[in-house]
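The values are calculated or read from the model by the stated rules, or taken from the named source; none is laboratory data. Note that the coordinates shown come from a computational prediction; the quantities given were computed from them, not determined experimentally. All Cβ positions, glycine included, derive from the backbone under ideal geometry; neighbour counts span all protein chains shown.
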Amino acid sequence: MSGVVSYLVFFATMAAILAIVVLGLNLQWGYTGLFNGGVAAFFGAGAYVTMLLGGRPEPGQFGGFLLPFPVAIAGGILFAGLLAWFFGALTLKLRHDYLAIATFGVAVALESVARNAEWLTGGAKGLRGFPRPLEASIADNFLYGLFFLALVLAVLAAVYVGLERLVRSPYGRALRAIREDEEAARSLGKNPVRLRLQSFVIGSMIMGAAGGLYVAFYAFIGPQDLAPILTFQVWAMLIVGGAGNNRGAVLGAFLIWAAWTASGFALATFAPQAMQLYTGPIQYILIGSVIVGMLLWRPQGILPERIGQGRR
Amino acid sequence: MIQNVLDGVLTGAVISLGAIGLTMVMHMLRFANFAYAELLAIGAYAALVFDKVLAALAPVLASAFKPLTLSASLALATLLAMAITGASAVLLDWLIFRRIRAKADALSMVFASFGVALIVRNAITLAFGHDAKLFSKDIAFATVLSTDPLILVKADQVFVLIAALALMAAFHIVLTRTAFGFALRAVAENPNLAQVAGVRLSTMIVSVWLIGGAFSAAAGVFYTLTNHLSPALGHNFLLPVFAATIVGGIGSVYGAVLGGFLVGVASALSLAVLPSGYVPAMPFLIILAVLLLRPHGLFGEDQA
C-alpha cells in the first residue's frame, strides 16, 4: 500500500514539473503563437546550470559550487532566459518558422555539448549529486517526497496564477492581438517583435525553472534528459489539454504523462521478449499520432481557449 | 584536409539533393517541414527492399558494375524508390498536410510535421530494426582510385557525385526550358498571379512533392551507397538540409544546391578542428551565421 502511495507521489511530482514546462509553452504557443521546437533545450539549460551552481564538487569537473537551491535555480532560470533572448532576437523579425528551425537547432547543439563537453557537463554519464533543499531536516524518505511534491505544486500554482493574471491583463490581450492580426495590433501602437520576444523569454524562463526543479528531484541530469522526445511530449500535452487555456495545459500534462507511464508499463509487462527493444519506438509512434490526430480532429484540445467571456 | 574537403563535397551533394525539394515546399506551402528529411530514409529503405527483391527475382542483376559496388538491381531499385518516395510524399500531403492547410495556419503545419516525422521514423525502426544496414558489404573493400595513400576516393563516391550533379542539371533544364518549369517558377514567384495565368495550383503542389520525394530518395540512396543506413538517417540530415535551405534563401533552388555543398564542406572541415561529437551542431552554427549576417540567405527574398 505504502508502495503505491509513494509511487503516486513520485508520479505526481514528475507530472507537476512537466505541467510547469507546458505552462511555459502555452504562453509562447497558446497565447502568442510562437513555435518553440526546442523545449528540451530550455528545460535542459535550466537543469544543467542549476546543477552546476548548486551541485556537489567532483574532482576534475567544473561546477559544484554548492550554492543554496534558490540561488542555483535562479541562475538556471536566468540562463534559459538569456538563451531565449539571444535566439528570439535573431529570428523573431523573420518568417515565423525561422524560430522553429532555430530552436530545434539549439536543442541539437545543446545535446551535443551535453554529450561531449565532459569537463562541463560530465558527458554521456551526466552529472549527479545534488543537495536537495531541506534534505537534512527531513529524515524520512517518504515525508521528504511529500514535502518535495508540495514544493513543486507550490511553484506550479505560482506559475499558473502569475500566467493567468498576465494573460487576462491588457498585456495578455496585446499578445493575443499580435497572434491574431499583427497588422491591426501594430496600427494600435503595439510593437509585435518586442512583445513576442518578451513572451518567448518569459515562457523559456518558466521551462528553465522546471528544469531546476527536475535536477533537485532526481539529483541527476544527463544528455538523455535533453532528448527531442521531451519536446514532443510537452507539445502533445499542450495540444491535448488545449492551447490557450492554462487549466487545459495542466490537465494535458497529467493526462499525457499518465498515458506515457501506463503505456510504458504495459509494454514492459506484456510485450514479448523479442519486442522489448522496440517499446520505445511504439511509444514514440503513439505520441506522434496523438499530435497529428489532435491537429486533424480536435485542434482546440479538451479545454478550448475561452476568449472574452467570464473573468473568474 | 584534402580528404575532409572531398568527403564534404560528397555529403554536400546529398544535402543539396535533399534541400532542393525542401526549399520549394517551404516556399510554396509556406511552412518549415520537419518531416521532410524522413523522405531520405523512406527512399533509402525502399531501395534496400527493392534491391533484395530484384536480386532474388533475377540473380543476373545482382552482380556489381566494376569498379563500382553498385549493381543493376540497385540501380533499378533506386528508380523505383524515387517513385515510391515521391508517392509517399504526395500521400502524406493528401492524408495530413492538405487537411490542416485547409483549416489552420502555417505554424500548425510545422507542428503536424513534427508529429509525422516522429511516426515515420519510428515506423521505419519497427519495420527494419535499430541496427545499421548496408547495400553491399563489398563497399569496405571497394577499389580506391587515388594513388596518394592518404587520400581515399572510392569509385562509388565519384559515381555518387556525378549522378547527383546530373540530376541537378536535368532539373535545371526542366526549370529553364519547359512549360512545366515556367509554371513551377511562376507559382513559386506569385501563386495568385500564376493561377490567373492558368496554372493549376493543386497540380503544382503534387509535382513539387513528387520531385522533392524523388530527389530525397536519390539523396538517401547515394548516402547509403558509401555509408551505413539506420533509422536515424532522416533525423541526422534534418538540420543540414534546413541549413542549406536557409543559406541559399528559402525558395531558391540554386541557393539550396550551393547551400548544400557549403554545409557539407564546412561540416567536414570542422572535423579537422572539433571532436566528432560536435559535428551534428555544425549546421546550426551555419544557420546562426546566416541569420546574423544575411537573414534572407544568399539568394532569398522571402519576407516574414
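Considering only residues that are charged (D, E, K, R), buried (at least 16 other Cβ atoms within 10 Å of the Cβ) and in a loop (DSSP other than H, G, I, E, B), which ones fall in region A:94-146? A:R95, A:R132 - these are the residues of region A:94-146 that are charged (D, E, K, R), buried (at least 16 other Cβ atoms within 10 Å of the Cβ) and in a loop (DSSP other than H, G, I, E, B). Please determine whether any residue of region B:110-119 is more than 30 Å from A:N36 (Cβ to Cβ), small (G, A, S) and in a helix (DSSP H, G or I). No: zero hits.
Count of region A:268-292 residues, restricted to those that are part of a helix (DSSP H, G or I), surrounded by fewer than 17 Cβ atoms within 10 Å (Cβ to Cβ) and among the small types (G, A, S), is 4. Is there a residue being in a loop (DSSP other than H, G, I, E, B), away from chain A (no Cβ under 14 Å) and buried (at least 20 other Cβ atoms within 10 Å of the Cβ) anywhere in region B:120-134? No, region B:120-134 contains no residue that is in a loop (DSSP other than H, G, I, E, B), away from chain A (no Cβ under 14 Å) and buried (at least 20 other Cβ atoms within 10 Å of the Cβ). Restrict the check to region B:197-205 and report whether at least one residue is on the phi > 0 side of the Ramachandran plot and more than 11 Å from every other protein chain (Cβ to nearest Cβ). Yes; the residues of region B:197-205 include at least one that is on the phi > 0 side of the Ramachandran plot and more than 11 Å from every other protein chain (Cβ to nearest Cβ). Tell me which residues, restricted to region B:51-61, are surrounded by fewer than 20 Cβ atoms within 10 Å (Cβ to Cβ) and under 26 Å from the mean Cα position of the chain (by Cα). Across region B:51-61, the qualifying residues are B:K52, B:V53, B:A55. Being more than 17 Å from A:A227 (Cβ to Cβ), aliphatic (A, V, I, L, M) and in a loop (DSSP other than H, G, I, E, B) is not true of A:L23. Just wondering, is there one or more residues in region B:39-53 that are farther than 22 Å from B:A266 by Cα, within 14 Å of chain A (Cβ to nearest Cβ) and either part of a loop (DSSP other than H, G, I, E, B) or among the hydrophobic types (A, V, I, L, M, F, W, C) (or both)? Yes, some residue in region B:39-53 is farther than 22 Å from B:A266 by Cα, within 14 Å of chain A (Cβ to nearest Cβ) and either part of a loop (DSSP other than H, G, I, E, B) or among the hydrophobic types (A, V, I, L, M, F, W, C) (or both). The residues on offer are B:L68, B:L79, and the sole one that is away from chain A (no Cβ under 14 Å) and in a helix (DSSP H, G or I) is B:L79.
Residue-level analysis places A:A243 among those that are within 16 Å of the chain's Cα centre (by Cα) and outside any helix (DSSP H, G or I). Across region A:293-302, a minimum of one residue is classified as within 10 Å of another protein chain (Cβ to nearest Cβ), of a type in the set (A, V, I, L, M, F, W, C), within 21 Å of A:G24 (Cβ to Cβ) and part of a helix (DSSP H, G or I).
Annotation note: of A:V234, A:V250, A:V201, A:V240, the sole residue that is among the aliphatic types (A, V, I, L, M), at pLDDT 95 or above and over 28 Å from B:I100 (Cα atoms) is A:V201. Mind counting the residues in region A:181-211 that are part of a helix (DSSP H, G or I) and either without any contact (Cβ under 8 Å) to a residue 24 or more places away in the chain or among the basic types (K, R) (or both)? Number of matching residues: 10.
Go through region B:275-287 and report how many residues are farther than 13 Å from B:L238 by Cα and facing chain A (nearest Cβ under 7 Å).
Going through region B:275-287 one residue at a time, the tally reaches 3.
Of all the criteria given as (1) out of contact with any Asp or Glu (no Cβ under 7 Å at 6 or more places or on another chain); (2) closer than 30 Å to A:A243 by Cα; (3) not acidic (D, E), the one not satisfied by B:V120 is (1). Quick check: is even one residue across region A:290-305 touching a helix residue (DSSP H, G or I) at 6+ places or on another chain (Cβ under 7 Å) and within 20 Å of A:F104 (Cα to Cα)? Scanning region A:290-305 turns up at least one residue that is touching a helix residue (DSSP H, G or I) at 6+ places or on another chain (Cβ under 7 Å) and within 20 Å of A:F104 (Cα to Cα). Only one entry of B:G249, B:G264, B:G260 meets the criterion of being within 14 Å of another protein chain (Cβ to nearest Cβ) and either modelled with pLDDT under 95 or over 24 Å from B:T125 (Cα atoms) (or both), and that entry is B:G249. Do the conditions hold for A:Y214, that is, is it in a helix (DSSP H, G or I), of a type in the set (S, T, Y) and within 14 Å of chain B (Cβ to nearest Cβ)? So A:Y214 does not fit the description; no. Only residues that are buried (at least 17 other Cβ atoms within 10 Å of the Cβ) and among the aliphatic types (A, V, I, L, M) were counted across region A:147-176, and they come to 10. Filtering region A:31-46 to residues that are of a type in the set (G, A, S), crowded, with 24+ Cβ neighbours inside 10 Å and not in a helix (DSSP H, G or I) leaves A:G37, A:G38.
Checking each residue in region B:95-119 for being more than 7 Å from chain A (Cβ to nearest Cβ) and either under 17 Å from B:G220 (Cα atoms) or crowded, with 20+ Cβ neighbours inside 10 Å (or both) picks out B:F97, B:M109, B:S113, B:A117.
Considering every residue within region A:246-261, establish whether at least one is exposed (fewer than 14 other Cβ atoms within 10 Å of the Cβ), part of a helix (DSSP H, G or I) and within 10 Å of chain B (Cβ to nearest Cβ).
No, region A:246-261 contains no residue that is exposed (fewer than 14 other Cβ atoms within 10 Å of the Cβ), part of a helix (DSSP H, G or I) and within 10 Å of chain B (Cβ to nearest Cβ).
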